[in-house]
Amino acid sequence: MSTSGFWTDICIHYELFKPDAYVCLAEYADTQIVSRLKRLKTTPDFCDIPVIVITNEDCFEFYSDVKEKERTIDLPMSRPITIATISDGITRLLKGIEEEKERIAQENAEAERRAAEALAKQLTNTKPHILVVDDDKNVLKLLKAALEDKYDVTAIANGKMALKFLETKTPDLIFLDYEMPVENGPEVFRKIKKMESAKDIPVVFLTGVADREKITEVLSLKPNGYLLKPINMERVNDTIKTLLN
């Protein structure tokens, strides 16, 4: 701590010691004092240093108004006052300033993190990836044409090729034909659920059989959904939105 009544001494002290606070003893409601304080608050090296003004009771309102209107003063205090009260006021002020700086730093860090995540997402494939597995080429063409504007669609004509594809790719959703030659839908489904990289991918069965026994068989496998053929695109889109959102 150092004291001085001269502006030059104050400036030299600031440059040499970078004080944590500046306490001004103001005997009068003096606009010249306010001008000097304002000068401190607009000088780059000094502007972050809090200013405390201790004044007489009849001048307290004047300096309080300066604090509210100009933000030149951080803490006005009125005499009579004890050293303990001054010390406590300065301590609480400095603690509050540090907490505010920490809060702003955390908000900035969080904003930077969100911006980085958004940029990373933008740089990667922005379209969700849908795999359609069906031996009916008309179904493959229909779904690919209807969905490719919003989604990255891979169309595969049999289960064996689909399983090979899933060894290196991880789509966001799979539409799987229930009845296919060689390896049917249930067989492919069970193998998908045993693949570490693919077991959590939602699977929706496509089936052209609507009898109760077949539907019960489909549901027993616990897929994420099933759709009856002929394909209803409104239901397809609703299913995609539900599972991907």
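Counting other beta carbons within 10 Å of each Cβ, put 22, 28, 178 in order, fewest first. Intermediate results must be reported in sequence, preceding the final value.
Working: 22 17, 28 12, 178 23.
Going from sparsest to densest Cβ surroundings: 28, 22, 178.
Can you give the extra length, in nm with one decimal, that the chain gains between residue 169 and residue 136 once fully stretched, where that is 0.36 nm per residue apart less the Cα-Cα distance? It would help to have the intermediate numbers written out before the result.
Values: separation 33, 0.36 × 33 = 11.88 nm, distance 2.24 nm.
Net length gain for the segment: 9.6 nm.
How do 65, 177 rank when sorted from fewest to most other Cβ atoms within 10 Å of their own Cβ?
Details: 65 13, 177 24.
Lowest count first: 65, 177.
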For the Cα atoms of the chain, what angle does the longest principal axis make with the long axis of helix 31-41, in degrees from 0 to 90, nearest 10? 40 degrees
Spatial separation of Cα centroids for region 125-160 and region 196-245, in angstrom: 14 Å
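May I ask you to sort 244, 143, 221 by Cβ crowding, counting other Cβ atoms within 10 Å and putting the fewest first? Write out the running numbers ahead of the final one.
Numbers: 244 12, 143 21, 221 15.
In order of increasing Cβ crowding within 10 Å: 244, 221, 143.
Run the numbers on region 129-244 and let me know its relative contact order in percent, using alpha-carbon pairs under 8 Å that are six or more apart.
Taking the mean separation of contacting Cα pairs over the length of region 129-244, I get 23 percent.
Let's test the formula: R0 of 35 Å, r as the Cβ-Cβ distance of residue 200 and residue 106. What FRET efficiency results, to the nearest 0.05?
On the way: r = 33 Å, r/R0 = 0.94.
Computed FRET efficiency for residue 200 and residue 106: 0.60.
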For log10 I(q)/I(0) by the Debye sum over Cα atoms at q = 0.13, 0.17 Å⁻¹, one of (1) -0.80, -1.40; (2) -0.87, -1.35; (3) -0.83, -1.17 was computed from the structure I shared and the rest are decoys. Which label? (3)
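Name the shape class, rounded, prolate or oblate, that the alpha-carbon gyration tensor gives for region 186-245, where a ≥ b ≥ c are the square roots of its eigenvalues, rounded holds for a/c under 1.5, and otherwise prolate holds if a/b is larger than b/c and oblate otherwise. Walk me through the numbers on the way to the answer.
Numbers: a/c = 2.37, a/b = 1.16, b/c = 2.04.
Oblate.
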Give me the net charge for the shell around residue 135: Cβ to Cβ below 9 angstrom, other residues only, Lys and Arg +1, Asp and Glu -1. -3
Name the residue, out of 162, 84, 120, whose mean-square fluctuation peaks in a Gaussian network model built on the chain with Cα pairs under 10 Å. 84
What net charge do the residues around residue 163 carry, taking every other residue with its C-beta under 9 Å from that of residue 163, with Lys and Arg at +1 and Asp and Glu at -1? +1
Compute the distance from the alpha-carbon center of region 174-191 to that of region 29-57, in whole Å. 78 Å
Can you tell me the 0 to 90 degree angle between the C-alpha axis of helix 7-17 and the longest principal axis of the chain, rounded to 10? 40 degrees
For residue 137, counting only lysines whose alpha-carbon sits under 24 Å away and dropping same-chain residues fewer than eight positions off, the answer is 127, 150, 160, 164, 169, 191, 214, 229
Under 5 Å, built H, 5+ apart or other chain: amide partners of residue 130: 152, 153, 154, 172
Measure nothing but the geometry: give the 0 to 90° angle between the long axis through the Cα atoms of 137-147 and the longest principal axis through the Cα atoms of the chain, rounded to 10°. 20 degrees
So, counting K/R as plus one and D/E as minus one, what does the shell of residues with Cβ under 15 Å around residue 63 add up to? -2
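Just so you know, all these numbers are worked out from the coordinates, no wet-lab data involved. This one's a predicted model, so the numbers in the text were calculated from it and none came from an experiment. Methodologically, a virtual Cβ is constructed for each residue, glycine included, from the backbone with ideal geometry; neighbour enumeration extends over all protein chains shown.
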